[in-house]
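Here's the structure, in structure tokens; my notes come after.
The values are calculated or read from the model by the stated rules, or taken from the named source; none is laboratory data. Quick caveat: nothing in here was measured; it's all calculated off a predicted structure. Quick reminder, even Gly has a Cβ in these numbers, built from the backbone with ideal geometry, and neighbours come from all protein chains shown. Remember, those area values only see protein heavy atoms, side chains included, never the ligands or the DNA or RNA. Shrake-Rupley method; radii C 1.70, N 1.55, O 1.52, S 1.80 Å.
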Amino acid sequence: MNLVEKDVTAQTGLRQNYLSFTDTIAQSIANIAPTVTPALTIPLITASAGNGTWLTYLIVTIGLLLVGLNISLFSRKYATSGALYTYVTKSLGATSGFLTGWGLILAYLFTAMATLIGMGIFGHLLFEHVGLNIPHLLFYAVGAALIWLLAYRDIRLSSILALILEIASVGLIAVLGLVVLINEGIPFDKMQLSLQGVTFAGIQTAMVLGVFSYVGFESAATLGTESRNPHRTIPQAVIISTLAVGTFFAVMSYIEVVGFKGGLEALQGSSEPLDELAAAYGMKWFIPVIEFGAVISFFSCSLASVNAASRVMYSMSQDRIFHDAIASAHTRNQTPHVAVTISSILNFIVPAILITRPPLDAYGYLGTIATYGFLLGYILISIAAPIFMISSGAAKWYHVASGLGGIAFMAIPLIGDFYPVPADPYNLFPYLFIGYLFIGWIYYASTRRVKNPGMNAPLRLDMAEEPHNEI
């Protein structure tokens, strides 16, 4: 660590040189929450992609790997808690950086809220097996409180706990998937492999939720300040988590389509696909185990999302964009405790407001809106990376190719949000997100005049300005 990095990171208040590679990749994997996709999301995607659901996940995996390579160009050189917000600012300037951070805060928080609702859905089902009808609101309150406590106390504790819970949950689903394959004779499904009935428009629409299945894969980058050897561990965590989880999604989507009794139509109408698979293959006893796995996975994702959101808020506050209090770290725990508290309060309030809506609808609303924030960040980082490399005089053809590829892949679901026009109320969500960005831009413009008059960029308090490694 050079002198500049020591001086910069000392000001952040977060614990330095603390998290191992395992701790770091735990953040990305928990934020992706692999259990959520086979437990809840795959039926929603089959509604659009049908027999091409596995292909949707393959396409999205390739696209996000390209985005991950663009993120890696920065994370190999800079350690920061601001992640994409800081990287885009470095390349494209303060306004683009602010919009990235503003979008990511909404994205991480809405992901936390959606997965808290998911925890309530499966928690409610789990307790019904023993005759208890526990209100969803109680799950939200207890879940949000536990998330606050863990995120407030120790990032390593929350990351490792999330990883252990997620591995256990994925293992349970893998057992069920193996049982299905064995019973079906490990089938060669011609309808899926020939993409029978699949259309480009269907794949395009499905990619929106497909991207949501992965969102948070980049969140390991928010731990740059706290990780050991972040210039190696952060890029590895981002790429490895995407590859591993993408493979799992593609395989499980294939298994669910081929194994679901009643075919695609039955799967598309299912809100509990894993429970129905277990029952169909003589494993009713396994249903509570699967539901417990889903509960802990949703909880892990909500926790990881709060951790990520709070660090982006913290980093932006270090740059005097938000109130100075949010830029403070807990003296003993060395966590961004004010940002964590704000994130945790919002994590409970919004699901509580939506309590009158069917939980699955609320999950879909929040998850869709969250995806817009991620798509914005992924597209901007894919623009920023090649420009940054060109301006530094170190650009290679593959830097430009990964940037253009990331933009192209992420533009497919973005365009699909507008045409063909989604059903109500999803047709309104893109415009609500644009309104959110406009409000943020007005706030930023006025705040910058008051706090940083005449400045062309934020203060960059939590990122070393000197590159550490050449690419």
> residue 352 versus residue 228, label points 7 Å from Cα toward the beta carbon: distance in nm?
Replying inline: 4.1
> Using alpha carbon centroids, what distance separates the stretch 143-178 and the stretch 207-224, in Å?
Replying inline: 16
> What are the ³J(HN,Hα) values, in whole Hz, obtained from phi via the Karplus relation 6.51 cos²θ - 1.76 cosθ + 1.60 with θ = phi - 60°, for each residue of the stretch 110-126 in sequence order, with x given for Gly and Pro?
Replying inline: 5, 5, 4, 5, 4, 6, 5, 5, x, 4, x, 4, 7, x, 4, 4, 4
> Of the trypsin sites (Lys or Arg not before Pro) in the stretch 290-339, which ones lie in a loop per DSSP and count no more than 15 other C-beta atoms within 10 Å?
Replying inline: 332
>> Cα atoms only: what Rg and Dmax, in Å, come out for the stretch 177-223?
In response: 16.3, 44
> Which whole-Hz couplings ³J(HN,Hα) result when phi for each residue of the stretch 412-422 is put into the Karplus expression 6.51 cos²θ - 1.76 cosθ + 1.60, θ = phi - 60°, listed in order with x for Gly and Pro?
Replying inline: 4, x, 5, 5, x, 6, 10, 8, x, 4, x
> Put a dot 7 Å past each Cα toward the Cβ at residue 446 and residue 167; how far apart are the dots in nm?
Replying inline: 4.9
> Given a cut-off of 16 Å, what percent of all Cα-Cα pairs of the stretch 119-164 lie beyond it?
Replying inline: 50
> Amide H to amide H, which residues 5 or more places from residue 19 or on other chains are under 5 Å from it, using H placed in the peptide plane?
Replying inline: 227, 228
>> To test your reading of the geometry: what angle, between 0 and 90 degrees and rounded to tens, separates the Cα axis of helix 429-451 from the longest principal axis of the chain?
In response: 20
> Probe 1.4 Å, all protein chains in place: accessible area of residue 441 in Å², nearest 10?
Replying inline: 120
>> Can you report the principal axis dimensions of the stretch 354-442 using only the alpha carbons, biggest first, rounded to whole angstrom?
In response: 55, 30, 21
> So, in the chain, how many Lys pairs have Cα atoms under 27 Å apart, if the pair is 8 or more places apart or on different chains?
Replying inline: 9
> For the stretch 374-427 and the stretch 60-90, what is the separation of their C-alpha centers, rounded to whole Å?
Replying inline: 12
> With each label point set 7 Å from Cα along the Cα-Cβ vector, what nm distance links residue 289 and residue 325?
Replying inline: 4.8
> Which whole number in µm²/s is D for the chain by Stokes-Einstein, with the Kirkwood Rh taken over Cα pairs at 10 °C and 1.306 mPa s?
Replying inline: 72
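Convert 20 °C to kelvin, take the viscosity as 1.002 mPa s, use the Kirkwood radius over C-alpha pairs of the stretch 284-395 as Rh, and evaluate the Stokes-Einstein diffusion coefficient in µm²/s, rounded to a whole number.
On the way: Rh = 17.2 Å.
The estimated diffusion coefficient comes to 125 µm²/s.
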> In degrees from 0 to 90, rounded to the nearest 10, what is the angle of the helix 359-391 Cα long axis to the longest principal axis of the chain?
Replying inline: 40
> Once both axes come from the Cα atoms, what is the angle between helix 337-353 and the longest principal axis of the chain, in degrees from 0 to 90, rounded to 10?
Replying inline: 40
>> Can you show me the helix-derived [θ] at 222 nm for the chain, built from DSSP H runs with n ≥ 4 at -39,500 (n - 2.57) apiece and divided by the number of residues, rounded to the nearest 500.
In response: -24000 deg cm²/dmol
> Counting only heavy atoms of protein chains, what accessible area per residue, in Å², does the chain have with a probe of 1.4 Å?
Replying inline: 37
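With charges only on Cβ, +1 for K and R and -1 for D and E, what is the dipole size of the chain about its Cα centre, in debye, rounded to 20? Mind showing how you got there, number by number?
Values: 21 positive and 25 negative charges, 229 e Å.
Here the size comes out at about 1100 debye.
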>> Quick check: residue separation of residue 398 and residue 130 times 0.36 nm, minus the Cα distance between them. What number comes out in nm?
In response: 90.8 nm
> Taking amide hydrogens as modeled 1.01 Å from N in the peptide plane, which residues meet the under 5 Å criterion relative to residue 81, leaving out close sequence neighbours?
Replying inline: 225
>> From the phi angles alone, apply the Karplus equation (6.51, -1.76, 1.60; θ = phi - 60°) to the stretch 283-293 and give each ³J(HN,Hα) in whole Hz, x where the residue is Gly or Pro.
In response: 10, 4, 4, 7, 4, x, 5, 5, 5, 5, x
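As an exercise, find the ratio Rg/Rh for the stretch 235-307 from alpha-carbon atoms, using the Kirkwood inverse-distance average for Rh.
1.05
Nothing charged except the Cβ atoms of Lys and Arg (+1) and of Asp and Glu (-1): what's the magnitude of the dipole of the stretch 1-151 about its Cα centre? Round to the nearest 20 debye.
So the dipole magnitude of the stretch 1-151 works out to roughly 340 debye.
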> Rounded to the nearest 20 Debye, what is the dipole magnitude of the stretch 120-217 about its Cα centre when Lys and Arg each give +1 and Asp and Glu each give -1 at the C-beta?
Replying inline: 180
